[in-house]
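Structure record follows, encoded as structure tokens.
Here, each number is a calculation from the coordinates, and none is a lab measurement. Because the structure is predicted, anything quoted here is derived from the model rather than measured. Here the Cβ positions follow ideal geometry from the backbone for every residue, glycine too, while neighbour counts run over all protein chains shown.
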Amino acid sequence: MGISIKDINNSNWKECVKLKVTQDQKTFIQPNVYSIAESKFEDGMKIFGIYKDDIIIGFASYILDKQDDMNLYKLMIDKNYQGNGYGKEALIKIMDIIKNETKNKEVWLSLHPDNMVAIKLYCDYGFNQEITGLEAEDEIFFKYNILE
């Protein structure tokens, strides 16, 4: 498939903002412009474009938060490129980056409980749902143990 991960910067952020999910997925994820803006104010947040050849097809971000928890914050593939395995390949590459950058033993993420495609993607990779006591009607948590 041949995707690559590149930092979001002055030369590619506008293309990143144009990426969209399907209408059904809009309740599961914030627009990329929100995540890009948030990255300017959240210490430790890193944002990336997901590329197929020289075309940006997706966006990802993660953050080492104030509690020293590593959180995979966002992974999205544009609606025109979904269903081709790019999300799976991007997850592998992003997790490799996280594993090389963190001393943490765990990576956390949260999802909308109706986002079955994302739940399958993360569970297939090795994330497991965790009961944290912080769950809400629209959010469930998953954890990946790096050392396993």
Local net charge near Gly58, Cβ-Cβ under 9 Å (Lys/Arg +1, Asp/Glu -1):
0
Ranking of Leu147, Leu64 by count of other Cβ atoms within 10 Å, fewest first:
Leu147, Leu64
Going Cα to Cα from Lys103, which lysines come in below 23 Å? Please leave out same-chain ones fewer than 8 positions away.
Lys6, Lys46, Lys66, Lys74, Lys93, Lys143
In what sequence do Ser11, Ser35 fall when counting other Cβ within 10 Å, fewest first?
Ser11, Ser35
On each of the three principal axes the extent of the alpha-carbon atoms of the range 55-116, given in whole Å and largest first, is 36, 27, 15
Per the Debye formula with a single identical scatterer at each Cα and no solvent contribution, what log10 I(q)/I(0) holds for the range 1-105 at q = 0.13 Å⁻¹?
-0.44
Net charge near Asp124: determine it from the other residues with C-beta under 14 Å of the C-beta of Asp124, scoring Lys and Arg +1 and Asp and Glu -1.
+1
Rounded to 0.05, the calculated FRET efficiency for the beta carbons of Phe41 and Glu130 at R₀ = 30 Å is 0.65
